[in-house]
Each structure stands twice: as structure tokens, then as C-alpha cells.
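Enquirer: This is the structure, below, for whatever I ask next.
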Amino acid sequence: MTRTRKGSTGRIAFVGAGPGDPGLLTRRAYEALVSADHIVYDRNVPESLLSVIRADADPEAQFSPAEGAPGDVAKVLLSAARSGLRAIHLVGGDPLAHDTVLKEVQAVARTAVPFEVVPGIGQAAGVATYAGVPLPGVRVTADVDDVQSLDFESIAAAVSRGSSALAVDAGDLAAIRDGLLAAGVDATTPVSVTGDGTGETQYSSATTVDSMVAAALGFAGRVVLCLGSGVGQREKLGWWENRPLYGWKVLVPRTKEQAGAMSERLRAYGAIPCEVPTIAVEPPRTPAQMERAIKGLVDGRYAWTVFTSVNAVRAVWEKFAEHGLDARHFGGVKVACIGEATAEAVRGFGIVPELVPAGEQSSEGLLAEFSPHDEVLDPVGRVLLPRADIATETLAAGLTELGWEVDDVTAYRTVRAAPPPADIRDAIKSGGFDAVLFTSSSTVRNLVGIAGKPHARTVVAVIGPKTADTAVEFGLRVDVQPPHASVPDLVEALAGYAVELREKLAAMPAKQRRGSKVQGPTALRFR
């Protein structure tokens, strides 16, 4: 149902989506999209970008594909605007680079409805940059909707003196090849064809004008054609496809709340993360223990609070919020954290931890740096240890040996999550994932329990020694373990491992590469 805004004046915006990567949306474009009431989108706008917009847009915003002639799309936009709505036509690349969109803008301009045009990075120029093809000097860049409108003579002149880039439909490549050859472009002129430009699976194929159609077999939808001298620099400048984990499908067995930071770092290295929660975090069955612990914190019962996980930090602060407390009520209580990720969560609430292990970030590492209780220096000799119901006794026992009284309190329960969909389970067991990242022993146990053991070809990366021991117990080969137990270090270590694989494979003779047991995108590039 179409919404109306009483007393409001509708508007129309033609918004450039850029070449596809959601990160390349301009700030103005993003603001217009998330405040829109009705978004009409073109077929060349990738689903990944639409998913980002839908997640942040008004839940009642209407999305619909652009269908029909320019006049038909303009009528849809005008109807919505005249009902008081903010209507948007979302276009791949830059709006005015498309003849059809230009006609829509002209149709709207003939009315009294206010409109604006928000520019976007052109698909041809943007994808060329992601593919590592420079376009200096004399050049032609075009987002092509109609091959018949191309000036092949101008393109040929530009190619003879520099480079050109064209965003076209893959089905039009044969007509473009014929047009270039007829205009006098040398058949051996270097060409690169890039599909899924700026996307997670962007792939570029290097070829020449006369063979570019065959080189693009399997490409579908919009592709970007780069021609000229700049193509020769693609191997060195193609940063997007040369990132360490580019194309790797990486399994992230973490709770939904915790997976975000790890997935973001993986994407920065070019990986395609798949988040599969293996545990669910729930409140303790009986809240009395936590209630007493919070009261004890406020009353000065504890000298230290020791946090062993981000979930424990969150559980304590949720209790603080229930009672109208904040960081000021932590005054006088020292805070120790088992690792940097937990410490960062504590800092997020305005408290700087007194102790974070400089060496091994584990129970043993924390105990090695924790001071023994001194009756003179420590008049309060009690430690609060809020943690999961399934935590090991190592830390509590070690603190007791150091002379401290320990209140080991269940702050939250961890329960096994529901199994992932069948296709994910099949991919885990059949080698559909190139790597899996384990951040705790429980993620190992629970993933195997709900989905089965990862295939032998899957690279196994673990955050620390305890997690490594558990992985080995379950028959897994541990390939990667960072020197420090933290999510950033874990992702960094996996990226370093991928670089090492690539270097080893590059040094192998071709026959040996084909016989190599190394799997994954890194290996496939050399086969």
C-alpha cells in the first residue's frame, strides 16, 4: 500500500549507486536512500548493495524494479511524489551517464515536482580502478546502454593514444569487438574484461580485441571492458583481486553479535565470510547470584573484577543498567581482562582495565601477571569472577592459590545453537569453505556438534592454545595460530598464511602445482 504524508511535498531524486561496492555510495546518496519512501532500482544495481540499503532504510519503504520505458518509470516516480512521498530512482554508476535516465529527468523537469540528481562513480571508471587499469591521458569512459550509440571512431582514437573503459552487457561484446575492428583498432590491442565489478567475486580476464568474446565466456550481466596500454599494468595495480584472502569463503562460527567485527576484517582482506552461530547466550537460570554480585560491587565487597569474555562484560553492564547504575559505581574496584578484545569491551563502558596480560592472553597468562593477595596492601581480599556456566576451573583455582577469595558467578549461560541450513552443513563437510576461524574451545565443540567436522582441505585457524588443543582432540589439523589471542591477530595470521601459500605455489613447477594438495582460491589461480 502506498503511504501518503499529509501536508508534505513529495520529491524525486535520481541517485547514482556507483559501480556496485556498497562502500562507494556517496554520503549524500546514502542519506537520500535511507530516508526514502519509494525506491525504484535498475537491474544493474547488485543485490549486495540493495541488501545494505534495505537493512538501513525505513521498514515501510517500498522497493520495486524499474520496468518499462523511461516515460513509464517517470510516471511511477511522479505519482509517488504527488502523494507526498520521497521517491528515488537508484541507478548503477552515474544517473546522467544513461540516456534512458536522462529522458526520465527531462520528463520530471517539465513538471512542477521538485527533483535532484545525486551523482555516483561511473561503472566503467570505477571498475577499471578496482581492476588495476589506469586511464591516464586521452581516454573514453562510458556506461553503455545502447551499443548502436557508441562512437567507435572516438574510442579507436582514444585507444591509440591512451586507454578506454566501457561498461556494457556481456551479450554485446561480439558487436563491440566488430565495431572496434571496423574502426581500425588493432586486433592485438590488450583488453581486460571484468565481471562482478567491485563485488566479492570480481574477476578479470586479460586478452586482446580479437579474442575478447571467447575470454569472457561464462560472464553474465554487466561487464567492464578496458582497452589500451593501461591493461598491461593490471597485474601490479590490480589491488582488489590481489588482496591476501580474495575469494576465500571463510566460516565464522560465532554468535551474531560477535561475528560483525571479525567479518568486517575478513572482508577488508578480500574474504567472503559466512557467519554460523554455534552458541546462543542466555541469562542464568537463577539471577540471585548476579544480583548479589552487583550489590557487592557497589558496596565495595571486591578488590578486583576479572572479565574473561566480552559476554561477561555485557552481562554485568546489562545488570548495571537494570539498576540505573553506570561506570561511576565501579569506583575503587580494579579490573583485569583475559585478553585485548575483552579489554576493549570494558573500555567501551568508560573504564580502563588495570591488568591485561602482555604475554599469552589466556587464564595461565593472566595468572602469571596477577599479584598474590597481600593482607597489608589489599585490605579487601575478594575477587569477582563473572563468566559462563561452562567455564573451566583453571582461573578460579589459580586465584585461590594466590591467596584471593573468589566469587565464581554465573553471569550467562551458553547453549548450543540450532543447526545451520542443510547447504551450509554440506559445504562444511565437503570442503566448500576455504577456511574456518575458531575463537574458543566451545566454538569447536559446538560447530562439530551442530554441523559436522570441517573437511580436511579446509584451513583451520584458532585463536589460542586451548582452542588448538580442542581442535586436535576433534581430529582437526591446526594450520594457523596467532602469537597473540585476539580477533585482529587471528585474521591477520590467516591473511599471512594465504600469502605464504601463494608464494610457495608460485615457486612450484607447473606440474607440481597441479599435483599439490593445497586447496582454495590461492591454489586455483596457479593451476
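Only the coordinates and a few stated rules stand behind these numbers; no lab work does. Predicted model only: the values in this text are computed from it and were never measured. Positions of Cβ are generated from backbone atoms using ideal geometry, with glycine treated the same way; all protein chains shown enter the neighbour counts.
Enquirer: Given Cα positions, please report Rg to Rh for the chain, the hydrodynamic radius being the Kirkwood one. Walk me through the numbers before you get to the answer.
Expert: Details: Rg = 28.8 Å, Rh = 27.0 Å.
Rounded to two decimals, Rg/Rh equals 1.07.
Enquirer: Also: Taking H as built 1.01 Å from N, whose amide H comes closer than 5 Å to the amide H of residue 279, not counting residues under 5 places away?
Expert: So residue 279 has HN proximity to 255, 417.
Enquirer: How high is the FRET efficiency from residue 79 to residue 264, r the C-beta distance, R0 30 Å, rounded to 0.05?
Expert: The formula returns an efficiency of 0.15 here.
Enquirer: What net charge do the residues around residue 365 carry, taking every other residue with its C-beta under 13 Å from that of residue 365, with Lys and Arg at +1 and Asp and Glu at -1?
Expert: -3
Enquirer: For an R0 of 60 angstrom, estimate the FRET efficiency from the Cβ-Cβ distance between residue 375 and residue 236 and round to the nearest 0.05.
Expert: That gives a FRET efficiency of 0.35.
Enquirer: Let me ask something else about it. Name the long-range amide H neighbours of residue 86: under 5 Å, sequence gap of 5 or more, or other chain; modelled H, no Pro or chain starts.
Expert: 11, 37, 38
Enquirer: With angles folded into 0 to 90 degrees, how steeply does helix 441-451 sit against the dominant principal axis of the chain? Use alpha carbons for both and round to 10.
Expert: 50 degrees
Enquirer: Helix 310-322 against the longest principal axis of the chain: what's the angle in degrees, Cα atoms only, rounded to the nearest 10?
Expert: Between the helix axis and the principal axis of the chain, the angle is about 80 degrees.
Enquirer: Here's a follow-up. Hand me the trypsin sites (Lys or Arg not before Pro) from the stretch 13-61 located in a DSSP loop with no more than 16 other Cβ atoms within 10 Å, in residue order please.
Expert: 43
Enquirer: Right, something else. Rounded to the nearest 20 Debye, what is the dipole magnitude of the stretch 306-440 about its Cα centre when Lys and Arg each give +1 and Asp and Glu each give -1 at the C-beta?
Expert: Around 540 debye, computed over the stretch 306-440.
Enquirer: In a shell of Cβ-Cβ distance under 13 Å around residue 164, excluding residue 164 itself, what net charge do Lys and Arg (+1) and Asp and Glu (-1) give?
Expert: -1
Enquirer: Moving to a separate point now. In the chain, once you exclude exposed GluC sites (Glu not before Pro) (DSSP loop, at most 15 other Cβ within 10 angstrom), what's the longest stretch remaining?
Expert: Working: sites that count: 60, 67, 354, 375, 393.
Longest run free of exposed loop sites: 68-353.
Enquirer: Still on this model: Any chance you could give the angle, 0 to 90 degrees and rounded to 10, that helix 70-82 forms with the longest Cα principal axis of the chain?
Expert: That works out to roughly 50 degrees.
Enquirer: Measuring from label point to label point, each 7 Å out along Cα→Cβ, what is the residue 326 to residue 174 span in nm?
Expert: 6.9 nm
Enquirer: From the phi of every residue in the stretch 332-339, what ³J(HN,Hα) in whole Hz does the Karplus formula 6.51 cos²θ - 1.76 cosθ + 1.60 yield, where θ is phi - 60° and glycine or proline is x?
Expert: The phi angles translate into x, 9, 7, 10, 10, 10, 6, x Hz.
Enquirer: Sum -39500 (n - 2.57) across every DSSP H segment of at least 4 residues in the chain, then divide by the residue count to get the 222 nm mean residue ellipticity, nearest 500. Don't skip to the end; give the middle numbers.
Expert: Working: 21 runs with 200 residues, N = 527.
After summing the helix terms and dividing by the residues of the chain, the value is -11000 deg cm²/dmol.
Enquirer: If you stretched the chain out fully between residue 422 and residue 60, how much longer would it get, using 0.36 nm times the residue separation minus the C-alpha to C-alpha distance?
Expert: 127.1 nm
Enquirer: What does the charge add up to near residue 208, with Lys and Arg as +1, Asp and Glu as -1, over the other residues with Cβ less than 12 Å from its Cβ?
Expert: Result for the neighbourhood of residue 208: -1.
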